[in-house]
Structure formats: structure tokens, C-alpha cells
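Enquirer: This structure is in C-alpha cells; I'll ask about it shortly.
The values are calculated or read from the model by the stated rules, or taken from the named source; none is laboratory data. Note that the structure is predicted; figures quoted are calculated from it, not measured. For accessibility, only protein heavy atoms count, side chains too; no ligands or nucleic acids. Shrake-Rupley method; radii C 1.70, N 1.55, O 1.52, S 1.80 Å.
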Amino acid sequence: TYMAYVSLPVDENKKRSYILTADRDEHIRVSRGPPQAHVIENYCLGHTAFISKLCVPQWAPQYLVSGGGDNYLLVWKWAEGRILQKVSLVDEASEATEVAVQGIWATSLGDLRIILVALHG
């Protein structure tokens with residue numbers, strides 16, 4: 001349901017591209033970029049519901065923020081398939097715990113780097 005294209009430096013003169021894809025199931029697939037897009041590097045596993053949005057901040061392409069039908073966001077070191085942080089989207093005491101992520105954006109306000117999230121529900 002969502003795709004991100006990322007390039008990471010391999011050395012001083014070379015970059016390697018990757019395609020990150022999310023689907024209606026709970027995993028994120030990390031594949032090599034063209035012309036080797038058929039090669040799967042790893043999976044990012046940790047969601048329990050569908051994943052609808054991925055965000056790779058321009059200032060930190062080694063990180064990924066993902067969200068969907070869970071009541072939390074996950075922050076990843078995606079090349080390793082490792083979860084760095086789980087961020088709750090709902091108050092634990094609240095009865096309204098069903099949310100869906102409709103958008104995730106990375107932006108800057110001066111020196112402040114922020115992640116914006118739009119929710120449905």
C-alpha cells in the first residue's frame with residue numbers, strides 16, 4: 001500500500017538504492033533498487049496490523065518511521081530490520097483506541113527536525 005525509495009552511501013563515490021514497500025499485511029520489505037529490485041535484503045517485522053504509510057526523513061535516510069492500523073508508530077534502523085522506538089498514538093486510558101495513520105511527513109522548522117502524523121479515528 002506504500003513505497004519509499006532510498007539511497008545510502010556505500011563509500012565516498014558510490015550509493016546503493018533500496019525500495020521499501022508496505023502492504024496490507026504487517027511487514028515491510030526491503031529490496032535492492034533497480035536493476036536488482038528482485039533481491040530482497042530483509043524484512044522489518046513488528047507491526048500487528050496493516051501498514052499504510054512509510055516515511056524516510058531526508059536528513060536521516062538510515063531511519064524509517066512506519067504506521068498504519070496499529071495504535072503506535074515504529075521507528076526503524078531499516079537496513080538492519082531493527083526497531084529503535086515504539087511511539088504510542090493513543091492515550092492508554094482513553095477508550096478510543098482505534099486509529100489509522102493517514103500520513104507521515106518529515107520536515108524542518110529552523111533547526112528543529114520534526115515528524116508530523118495525520119490520523120483517522
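Enquirer: Cα convex hull of the stretch 58-121: how many Å³ per residue?
Expert: 97 Å³
Enquirer: Probe of 1.4 angstrom, ligands and nucleic acids ignored: what's the accessible area per residue over the chain, in square angstrom?
Expert: 61 Å²
Enquirer: Would you mind calculating the gained length between Q85 and N42 on full extension (0.36 nm times residue separation, minus the Cα-Cα distance), in nm to one decimal?
Expert: Extending this stretch completely gives an extra 13.6 nm.
Enquirer: What are the ³J(HN,Hα) couplings of the stretch 17-26, residue after residue, when phi is run through the Karplus curve with 6.51, -1.76, 1.60 and θ = phi - 60°? Round to Hz, x for glycine and proline.
Expert: For the stretch 17-26, the Karplus-derived couplings read 9, 9, 10, 9, 10, 10, 9, 6, 8, 9 Hz, x marking Gly and Pro.
Enquirer: Same structure again: With θ taken as phi - 60° and the coefficients 6.51, -1.76 and 1.60, list the Karplus ³J(HN,Hα) couplings across the stretch 69-81 in order, rounded to whole Hz; mark glycine and proline as x.
Expert: Going residue by residue, I get x, 6, 9, 8, 9, 10, 10, 10, 9, 5, 5, 9, x Hz, with x marking Gly and Pro.
Enquirer: If you stretched the chain out fully between R29 and K14, how much longer would it get, using 0.36 nm times the residue separation minus the C-alpha to C-alpha distance?
Expert: 3.1 nm
Enquirer: Additional query: Rule-of-thumb check for the chain: C-alpha Rg over 2.2 N^0.38 Å?
Expert: 1.10
Enquirer: If you don't mind, another one. Could you derive backbone 3J(HN,Hα) for the stretch 6-15 from the dihedral phi with the Karplus parameters 6.51, -1.76 and 1.60 (θ = phi - 60°), listing whole Hz in sequence and x where the residue is Gly or Pro?
Expert: 9, 10, 10, x, 8, 8, 4, 10, 9, 10
Enquirer: How large a share of the accessible area of the chain, in percent, is made up of carbon and sulfur atoms when the probe is 1.4 Å and the other protein chains stay in place? If you can, show how the numbers build up before the last one.
Expert: Working: 3580 of 7430 Å².
Its accessible area is 48 percent carbon and sulfur atoms.
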